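Worksheet: the structure to be examined is printed underneath.
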Amino acid sequence: MTDTPATPTEPLKELNKLFIKALRELADAGRADEACTYAGQAWAVLRHVSPAEAERHNGLLHYLTAPGKPAAGPPVKKG
């Protein structure tokens, strides 16, 4: 057994994309604090097993807490 994180499976990547999209929609609906809480929890769960997927939640947290954040988030990258 090694300490190297496993490569995330495609289902994990797809679920993470959906979760991030839902969190952005939650924030856009006026519930940014709740979205940040969930994003932080997701980061904590993923950080050791899938650092790249955890980093997506870190980026979301930075986006959601940035001063002057636009009303709607940037487009979600597809594919």
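All of the numbers you see were taken from the coordinates with simple rules; none came from a lab. No experiment lies behind these values; they were computed from the predicted model shown. Here the Cβ positions follow ideal geometry from the backbone for every residue, glycine too, while neighbour counts run over all protein chains shown.
Across region 41-47, coupling constants 3J(HN,Hα) worked out from phi with the 6.51/-1.76/1.60 Karplus curve, θ = phi - 60°, read 5, 5, 4, 4, 5, 8, 4 Hz, and Gly and Pro carry x. Along its first, second and third principal axes, ordered by size, region 10-64 spans 31, 18, 14 Å in Cα coordinates. Couplings for region 9-16, taken from phi via the Karplus curve 6.51 cos²θ - 1.76 cosθ + 1.60 with θ = phi - 60°, read 6, 4, x, 4, 4, 5, 5, 5 Hz in order; Gly and Pro are left as x. The label-point distance for T65 and A44, in a model that sets each label 7 Å from Cα toward Cβ, rounds to 1.4 nm. The label point for E55 and the one for K13, both projected 7 Å from the Cα toward the Cβ, are 1.4 nm apart.
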